[in-house]
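To start, the structure itself, in structure tokens.
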Amino acid sequence: MRKYFAGSATEPAINWKTFYRNVAFLVVPMALQNLINVGVTAADVIMLGRVGEKVLSGASLAGQIQFIMTLIFYGITSGATVLTAQYWGKKDTRTIEKVLGMGLAAGLATAVVFAVAALGAPEALMKIYTSDPEVITEGVRYLRIVGISYLFMAVTQVYLNIMRSIERVMIATLVYFVSLLVNILINALLIFGLMGFPCLGIRGAAIGTLCARMVETAITLWYARFCNRVVRIRLRDMIHIDRVLFRDYLVYAMPVVLNELMWGMGSSANTAVIGHLGSAAVAANSVAQVARQLATVVVFGISHATAIYLGKTIGEQKLEHARAYAKRFIWLSIILGAIGGLVILASAPLANAGLSLTEDAKGYLTFMFFVMSYFTLCQSLNTTMVVGIFRSGGDTRFGLIMDVSTMWGCSILLGALAAFVFHAGVPVVYIILMSDEVIKVPITIRRYLSYKWLKNVTRDQEELEGA
């Protein structure tokens, strides 16, 4: 089943024009999807930023709950992609259906836990991130509505992410585009009370998000039922689990789930540290994070395309090709990361001019944009290697070990000490909190050059059916 290939010094004959065309076919729709998803967040930031700093901070911090949940969804599906992309290379669609069933079951179970927490104890969740009573009040209002949307997100995100791994990428673009339009329209009507609708402020933003998620799920289920005849959702695959496949899923997917969870909790811990530095720092960081997301929409498209393309290639037993492709993906990530960093630097004055922020918040924002510019380059390189290259060959434990050690053992620990023990200023704390991606670069490069990630992890149908 599992084959290891150390690689050869001679690059195989490859039609690179075909490679770039195939990569563009994957990257462009996924970049659009990322852009649309960031657009949803940006719409909330821009509209709520015009309402007030406390409202913006409340929605931003409340969004950390969804952020952690989304990363668990991403971990579930990224782990599944390790299997589904390689089985797609073998054209074994029945096994992909079984993996999809396991992913949906895990996603729905996760969503129930987060929805219960958001609806039942919103104030306790908000107190993790801030001690400002006004910000807590606004966040509670947001969570009590948006928590319901988590159940719809589970179905949509798990299904669409797994569809990406079998090169069905356009449906997600359509789903998220319609969702963006619905979200912006309802936000505008209900946040500001346009056209006779009630002026609900942060509650309006939450209702807009909920409606958008419901529309997403409706379109997704329609597509799964009537359009996708290659890989179907089967209820029995969510209930009756193939034991051998489940063990493989645990081996390759669970490290990814834990990796994303620990990384997400680390990012959330960063937000919590910043949250206790004042609403000005929170508001500035909210804008800086949106700018980073906008600047990396193509970068994350590249990392996802890398996982899909290399996984399929490894499943086809073209291991020398996979090694050559990986090298090209790394160079693409460096170029795109550098461009993203320059975009962030150029957009700082525009962000300061367009939002109603205090002078302190504007000063923090300019500095945070500078930090994000080099952070984006490092993140681009690391994400392409860890999420794209390493996971495509089943090397999922490495990312978990690295993220736990560099984030929790270094940037978060030192950042918290700087903030709460040494009482350092916001710029110093921010540099430390955002240092993990810089630390990771030499570690990921060394792992890439070892080629320990280049493995075939699929099984034959006889092995699965005979279990």
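The values are calculated or read from the model by the stated rules, or taken from the named source; none is laboratory data. As the structure is a prediction and not an experimental result, all values here were calculated from the model. Every residue, glycine among them, receives a Cβ derived from its backbone with ideal geometry; neighbour counts consider all protein chains shown. Please note that ligands, DNA and RNA were not included when accessible areas were found on the heavy atoms of the full protein model with its side chains. Shrake-Rupley method; radii C 1.70, N 1.55, O 1.52, S 1.80 Å.
The table below lists the values:
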item: Only one of GLY39, GLY52 that is small (Gly, Ala, Ser), more than 24 Å from GLY107 (Cβ to Cβ), over 13 Å from the mean Cα position of the chain (by Cα) and at pLDDT below 80; result: GLY52
item: Residue identified as in contact (Cβ under 8 Å) with a residue 40 or more places away in the chain and under 13 Å from the mean Cα position of the chain (by Cα) among ILE46, ILE65, ILE72; result: ILE72
item: Residue that is modelled with the lowest pLDDT [pool: residues in segment 7-27 that are within 21 Å of LEU449 (Cβ to Cβ) and open to solvent by 60 Å² or more (accessible area, probe 1.4 Å)]; result: ALA9
item: From the options ASP403, ASP460, residue that is among the acidic types (Asp, Glu), in contact (Cβ under 8 Å) with a residue 24 or more places away in the chain and open to solvent by less than 30 Å² (accessible area, probe 1.4 Å); result: ASP403
item: Considering residues of segment 271-304 that are under 19 Å from GLY399 (Cβ atoms) and open to solvent by 10 Å² or more (accessible area, probe 1.4 Å) only, the residue farthest from the chain's Cα centre (by Cα); result: HIS304
item: Selected residue (criterion: farthest from ASP92 (Cα to Cα)) from residues of segment 156-198 that are β-branched (Val, Ile, Thr) and open to solvent by 30 Å² or more (accessible area, probe 1.4 Å); result: ILE186
item: Residue check for ALA322: under 20 Å from ALA283 (Cβ atoms), aliphatic (A, V, I, L, M) and part of a helix (DSSP H, G or I); result: no
item: Count of segment 108-135 residues which are in contact (Cβ under 8 Å) with a residue 60 or more places away in the chain, among the polar types (S, T, N, Q) and surrounded by fewer than 24 Cβ atoms within 10 Å (Cβ to Cβ); result: 1
item: PHE226 vs. criteria touching a Gly at 6+ places or on another chain (Cβ under 9 Å) and open to solvent by 80 Å² or more (accessible area, probe 1.4 Å); result: no
item: Residue, farthest from ILE148 (Cα to Cα), within segment 199-222, restricted to residues that are part of a helix (DSSP H, G or I) and open to solvent by 80 Å² or more (accessible area, probe 1.4 Å); result: TRP222
item: Unmet requirement for CYS199, which otherwise passes all of (1) touching a helix residue (DSSP H, G or I) at 6+ places or on another chain (Cβ under 7 Å); (2) in contact (Cβ under 8 Å) with a residue 12 or more places away in the chain; result: (2)
item: Some residue of segment 248-258 being within 26 Å of the chain's Cα centre (by Cα), surrounded by fewer than 18 Cβ atoms within 10 Å (Cβ to Cβ) and more than 27 Å from GLY147 (Cα to Cα); result: yes
item: Any chance ILE65 is within 30 Å of SER392 (Cβ to Cβ), open to solvent by less than 40 Å² (accessible area, probe 1.4 Å) and either assigned to a helix (DSSP H, G or I) or among the acidic types (Asp, Glu) (or both); result: no
item: Any hit, segment 305-315, residues being closer than 20 Å to VAL387 by Cα and open to solvent by 20 Å² or more (accessible area, probe 1.4 Å); result: yes
item: Flag if ALA346 is under 29 Å from THR306 (Cα atoms) and not aromatic (Phe, Trp, Tyr); result: yes
item: Test: ALA105 is of a type in the set (Gly, Ala, Ser), open to solvent by 20 Å² or more (accessible area, probe 1.4 Å) and either within 28 Å of GLY208 (Cβ to Cβ) or more than 23 Å from the chain's Cα centre (by Cα) (or both); result: no
item: Only listed residue being touching a Ser or Thr at 6+ places or on another chain (Cβ under 8 Å) and open to solvent by 60 Å² or more (accessible area, probe 1.4 Å), chosen from ILE431, ILE443, ILE389; result: ILE443
item: Qualifying residues in segment 321-378 (those that are in contact (Cβ under 8 Å) with a residue 12 or more places away in the chain, closer than 26 Å to ASP403 by Cα and charged (D, E, K, R)) - the one least open to solvent (accessible area, probe 1.4 Å); result: ARG323
item: Tally of residues being open to solvent by 50 Å² or more (accessible area, probe 1.4 Å) and not in a helix (DSSP H, G or I) across segment 231-242; result: 5
item: Some residue of segment 82-102 being open to solvent by less than 10 Å² (accessible area, probe 1.4 Å) and closer than 19 Å to TYR150 by Cα; result: yes
item: Test: residue in segment 37-57 that is buried (at least 22 other Cβ atoms within 10 Å of the Cβ) and in contact with an Asp or Glu (Cβ under 8 Å, 6 or more places away or on another chain); result: yes
